[in-house]
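Trainee: So that we are looking at the same thing, I have put the structure below in structure tokens.
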Amino acid sequence: MNATALIAEDEPLLAQALQAELARAWPALQVLATVGDGEAAVAHALRLRPDVLFLDIRMPGQTGLQAAAELADEWPEGVPFPALVFVTAYDAYAVQAFETQAVDYVLKPVQPERLARTVQRVQQVLAQRQPASGHGGGVAFDEVTLARLRALLAGAETSPSPRLQVISASVGQGIRMVPIGEVLVFEAADKYVRVLTAKTEVLIRTPLKELLPQLDPAMFWQVHRGTVVRADAIDSVQRDEAGKHSLRLRGRPENWPVSRLYAGQFKAM
């Protein structure tokens, strides 16, 4: 089966080894590019639109899971989403989580026998899809794919960190204490995170990805890769003619965009 692939792996020797093993296991696979970080993986995938993505879990700046989530947000409508294969050195417990979510994986260092099984799985998936013009196929972009990504992201963010009760933010020469019960939105903004209540706004330097494990997931929902909102403050969710979702919060005047990855949370009961 002819198909195209992109490899994202920050260790050059491992990237070379994976490409060499792929050449033996799947001679008809064309590797379009090999990149070393998550940001480059997103940029190249959007430009090249490969059939398969091999994403290292741990890369500088952006993990493989975060890169996949960003691609889910940015991927063009109507274009088959790539089959995702994560490259990981995780232990057996983490691998079990990947198996449960039915997202394929390759353990480092690459073992030819295991890679051959991965190739067979991916080929079966691609063969079940209608070929896109100029491609060998692709995984249809459906809610199942998005749900698996959400579950994997949630698992990666699981942490024994204690739940936040109050946000402390520098304001001038002092510190403002904001009770977590008053917070409506956490929004990533450059090197800061905006913390919004109904009446105030403060900036903190803690990255959103470090805040997430400290927030109660039943109380705060991620609706975009850079936005987390208070669930019980959501007033309404709208969908425009282009299929894009946005929401309104009680106590705030803004419309907040909801990414494709998280739109499935807002289905009528």
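Trainee: Using the Karplus equation 6.51 cos²θ - 1.76 cosθ + 1.60 (θ = phi - 60°), what ³J(HN,Hα) coupling, rounded to whole Hz, does each residue of region 170-182 give in order, writing x for Gly and Pro?
Mentor: Result, rounded to whole Hz: 6, 9, x, 9, x, 10, 9, 9, 10, x, 4, x, 9.
Trainee: Find how many whole Å separate the alpha carbon centroid of region 157-214 from the alpha carbon centroid of region 247-269.
Mentor: Taking the Cα centre of each part, region 247-269 and region 157-214 sit 20 Å apart.
Trainee: Quick one, what does Rg over Rh come out to for the chain if you take C-alpha atoms and the Kirkwood Rh?
Mentor: Working: Rg = 20.2 Å, Rh = 20.0 Å.
My calculation of the ratio gives 1.01.
Trainee: Here's another thing I want to ask about it. Starting with the fewest neighbours, write out Y105, Y90 ranked by other beta-carbon atoms found within 10 Å of each beta-carbon. Show your work: numbers first, answer last.
Mentor: Working: Y105 21, Y90 16.
If I rank by nearby Cβ atoms, fewest first, I get Y90, Y105.
Trainee: Here's a follow-up. Through the Karplus equation 6.51 cos²θ - 1.76 cosθ + 1.60, θ set to phi - 60°, convert the phi angles of region 30-37 into ³J(HN,Hα) values in whole Hz; use x for Gly and Pro.
Mentor: Computed from phi, the couplings for region 30-37 are 9, 7, 6, 6, 10, 10, x, 8 Hz.
Trainee: Of Y262, T34, A67, which is farthest along the charge dipole of the chain in the positive direction, counting Lys and Arg as +1 and Asp and Glu as -1 at C-beta?
Mentor: About the Cα centre, the residue reaching furthest to the positive side is Y262.
Trainee: For region 164-269, what does the relative contact order come out to in percent, with C-alpha contacts under 8 Å and a separation of six or more? Show your work: numbers first, answer last.
Mentor: Details: 174 pairs, mean separation 19.0, N = 106.
It rounds to 18 percent for region 164-269.
Trainee: Okay, moving on. HN-Hα J couplings of region 53-64 from phi, Karplus 6.51/-1.76/1.60, θ = phi - 60°, integer Hz, Gly and Pro as x?
Mentor: The phi angles translate into 10, 9, 10, 5, 5, 10, 10, x, x, 8, 6, x Hz.
Trainee: On to the next question. Given the DSSP H assignment, sum -39500 (n - 2.57) over each helix run of at least 4 residues in the chain and divide by its residue total; what's the result at 222 nm in deg cm²/dmol, nearest 500? Working shown, then result.
Mentor: Details: 7 runs with 80 residues, N = 269.
My calculation for the chain gives -9000 deg cm²/dmol from helical runs alone.
Trainee: Fewest first, what order do M177, M1, M59 take by the number of other Cβ atoms within 10 Å? List each step's numbers first, then the result.
Mentor: On the way: M177 10, M1 14, M59 23.
Starting with the residue having the fewest Cβ neighbours, the order is M177, M1, M59.
Trainee: Given 0.36 nm per residue, what is the gain on full extension from A231 to Q265 after removing their alpha carbon distance, in nm? Walk me through the intermediate numbers first.
Mentor: On the way: separation 34, 0.36 × 34 = 12.24 nm, distance 1.08 nm.
Full extension of this stretch gives 11.2 nm more.
No lab work stands behind these numbers, since they all come straight from the coordinates. Values in this document were obtained by computation on a predicted structure and should not be read as measured data. A quick note on method: Cβ atoms are made from the backbone with ideal geometry, for glycine too, and the neighbour counts reach across all protein chains shown.
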